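The values are calculated or read from the model by the stated rules, or taken from the named source; none is laboratory data. As the structure is a computational prediction, the values presented were derived from the model and not from experiment. With ideal geometry, Cβ positions are generated from the backbone for all residues, glycine too; neighbour counts draw on all protein chains shown. Keep in mind that these areas ignore ligands, DNA and RNA; they rest on the heavy atoms of the full protein, side chains included. Shrake-Rupley method; radii C 1.70, N 1.55, O 1.52, S 1.80 Å.
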Amino acid sequence: MAFSSNSGGGPMADINVTPLVDVMLVLLIIFMVTAPALSYQIQVDLPQRTNTPPPPPPRDPPKPIRIEVQAGDTVTWNGSPVSLNDLRGLLAEQAALQPQPTLEIETENDAAYETLARVLARAKNAGMEKIAFVEPGA
(Lines give C-alpha, C1' and ligand atoms only; values in the text may rest on other atoms or scores of the structure.)
Protein backbone atom coordinates (compact mmCIF):
# COMPACT_ATOMS: atom_id res chain seq x y z
CA MET A 1 0.00 0.00 0.00
CA ALA A 2 1.43 3.33 -0.99
CA PHE A 3 1.02 6.63 0.80
CA SER A 4 0.40 9.80 -1.09
CA SER A 5 2.43 12.88 -0.47
CA ASN A 6 -0.43 15.27 -0.98
CA SER A 7 -1.87 17.18 1.90
CA GLY A 8 -4.84 14.82 2.28
CA GLY A 9 -2.72 12.60 4.45
CA GLY A 10 -4.74 9.39 3.88
CA PRO A 11 -3.53 6.16 2.27
CA MET A 12 -3.60 5.97 -1.52
CA ALA A 13 -6.06 3.28 -2.74
CA ASP A 14 -4.95 2.98 -6.40
CA ILE A 15 -3.79 -0.47 -7.60
CA ASN A 16 -0.81 -0.75 -9.90
CA VAL A 17 -2.19 -2.63 -12.94
CA THR A 18 1.00 -2.68 -15.03
CA PRO A 19 2.14 -6.17 -13.85
CA LEU A 20 -1.37 -7.49 -14.42
CA VAL A 21 -1.39 -6.16 -17.99
CA ASP A 22 2.06 -7.68 -18.63
CA VAL A 23 0.91 -11.11 -17.47
CA MET A 24 -2.27 -10.91 -19.50
CA LEU A 25 -0.35 -9.95 -22.67
CA VAL A 26 2.04 -12.88 -22.21
CA LEU A 27 -0.87 -15.28 -21.75
CA LEU A 28 -2.59 -13.85 -24.81
CA ILE A 29 0.55 -14.39 -26.92
CA ILE A 30 0.93 -17.98 -25.65
CA PHE A 31 -2.68 -18.79 -26.54
CA MET A 32 -2.35 -17.14 -29.96
CA VAL A 33 0.71 -19.27 -30.74
CA THR A 34 -0.61 -22.60 -29.44
CA ALA A 35 -4.23 -22.41 -30.62
CA PRO A 36 -3.48 -22.98 -34.35
CA ALA A 37 -1.29 -25.98 -33.54
CA LEU A 38 -4.14 -27.60 -31.60
CA SER A 39 -6.51 -27.38 -34.56
CA TYR A 40 -4.41 -29.74 -36.74
CA GLN A 41 -5.12 -33.44 -36.50
CA ILE A 42 -2.19 -35.75 -35.89
CA GLN A 43 -2.43 -39.27 -37.30
CA VAL A 44 -1.36 -41.87 -34.72
CA ASP A 45 -1.23 -45.54 -35.68
CA LEU A 46 -2.02 -47.46 -32.53
CA PRO A 47 -1.45 -51.22 -32.32
CA GLN A 48 -4.55 -53.29 -32.93
CA ARG A 49 -5.76 -56.05 -30.66
CA THR A 50 -5.05 -59.60 -31.82
CA ASN A 51 -6.06 -62.98 -30.44
CA THR A 52 -2.92 -64.78 -31.56
CA PRO A 53 -0.15 -64.96 -28.96
CA PRO A 54 3.37 -63.92 -29.93
CA PRO A 55 5.70 -66.74 -30.97
CA PRO A 56 7.76 -68.22 -28.13
CA PRO A 57 11.41 -67.24 -27.94
CA PRO A 58 13.90 -69.81 -29.23
CA ARG A 59 15.07 -72.28 -26.61
CA ASP A 60 18.67 -72.46 -27.71
CA PRO A 61 19.89 -69.19 -29.22
CA PRO A 62 22.64 -69.65 -31.79
CA LYS A 63 26.24 -69.05 -30.79
CA PRO A 64 27.40 -65.51 -31.52
CA ILE A 65 29.84 -64.90 -34.35
CA ARG A 66 33.03 -63.08 -33.33
CA ILE A 67 34.67 -60.91 -35.98
CA GLU A 68 37.98 -59.33 -35.03
CA VAL A 69 39.30 -56.35 -36.98
CA GLN A 70 43.04 -56.24 -36.40
CA ALA A 71 45.81 -53.89 -37.39
CA GLY A 72 47.05 -54.29 -40.95
CA ASP A 73 43.56 -54.79 -42.42
CA THR A 74 43.33 -58.34 -41.07
CA VAL A 75 39.85 -59.70 -40.31
CA THR A 76 39.19 -62.96 -38.46
CA TRP A 77 35.96 -64.97 -38.27
CA ASN A 78 35.80 -66.84 -34.94
CA GLY A 79 39.60 -66.84 -34.77
CA SER A 80 40.42 -67.88 -38.35
CA PRO A 81 41.57 -65.26 -40.90
CA VAL A 82 39.12 -64.41 -43.68
CA SER A 83 39.23 -61.96 -46.58
CA LEU A 84 36.66 -59.19 -46.92
CA ASN A 85 35.32 -60.80 -50.12
CA ASP A 86 34.74 -64.14 -48.35
CA LEU A 87 33.18 -62.28 -45.42
CA ARG A 88 30.27 -61.18 -47.61
CA GLY A 89 29.28 -64.78 -48.37
CA LEU A 90 29.70 -65.95 -44.79
CA LEU A 91 27.54 -63.12 -43.49
CA ALA A 92 24.84 -63.81 -46.09
CA GLU A 93 24.69 -67.47 -44.98
CA GLN A 94 24.31 -66.46 -41.34
CA ALA A 95 21.71 -63.78 -42.12
CA ALA A 96 19.48 -66.41 -43.75
CA LEU A 97 19.32 -68.46 -40.53
CA GLN A 98 16.34 -68.15 -38.19
CA PRO A 99 16.96 -66.99 -35.54
CA GLN A 100 19.94 -64.95 -36.59
CA PRO A 101 23.10 -65.20 -34.51
CA THR A 102 24.53 -62.08 -32.93
CA LEU A 103 27.48 -60.59 -34.75
CA GLU A 104 30.09 -59.47 -32.20
CA ILE A 105 32.69 -57.09 -33.64
CA GLU A 106 35.95 -56.53 -31.79
CA THR A 107 38.56 -54.05 -32.97
CA GLU A 108 42.13 -53.48 -31.93
CA ASN A 109 43.21 -49.97 -31.04
CA ASP A 110 45.49 -49.66 -34.11
CA ALA A 111 42.94 -51.11 -36.56
CA ALA A 112 42.02 -48.93 -39.52
CA TYR A 113 38.56 -47.40 -39.36
CA GLU A 114 38.11 -48.04 -43.09
CA THR A 115 38.34 -51.79 -42.51
CA LEU A 116 35.76 -51.61 -39.73
CA ALA A 117 33.48 -49.56 -42.00
CA ARG A 118 33.79 -52.19 -44.73
CA VAL A 119 32.92 -54.99 -42.29
CA LEU A 120 29.87 -53.06 -41.06
CA ALA A 121 28.75 -52.33 -44.62
CA ARG A 122 29.01 -55.99 -45.56
CA ALA A 123 27.05 -57.01 -42.46
CA LYS A 124 24.30 -54.50 -43.21
CA ASN A 125 24.11 -55.46 -46.89
CA ALA A 126 23.93 -59.15 -45.94
CA GLY A 127 20.91 -58.44 -43.74
CA MET A 128 22.41 -58.96 -40.29
CA GLU A 129 20.12 -57.46 -37.66
CA LYS A 130 21.96 -58.13 -34.41
CA ILE A 131 25.34 -56.37 -34.42
CA ALA A 132 27.25 -55.75 -31.20
CA PHE A 133 30.59 -54.15 -30.43
CA VAL A 134 32.67 -55.87 -27.77
CA GLU A 135 35.78 -54.80 -25.94
CA PRO A 136 39.04 -56.56 -26.80
CA GLY A 137 39.56 -59.63 -24.66
CA ALA A 138 35.93 -59.76 -23.51
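Here are some notes:
- Label corresponding to Rg/Rh (Cα atoms, Kirkwood Rh) when calculated from the structure given, among (i) 1.55; (ii) 0.98; (iii) 0.96: (i)
- Most fluctuating residue given options Ile67, Ile30, Ile15, as computed from a GNM of the chain linking Cα atoms under 10 Å: Ile15
- In the context of the full set of protein chains, the chain has a per residue accessible area of 81 Å² (1.4 Å probe).
- Relative to the dominant Cα principal axis of the chain, helix 113-126 is inclined by about 80°.
- For the chain, the longest principal axis of the Cα atoms and the long axis of helix 84-95 meet at an angle of about 70 degrees.
- A DSSP coil position with no more than 12 other Cβ atoms inside 10 Å describes the following trypsin sites (Lys or Arg not before Pro) in the stretch 33-138: Arg49, Arg59.
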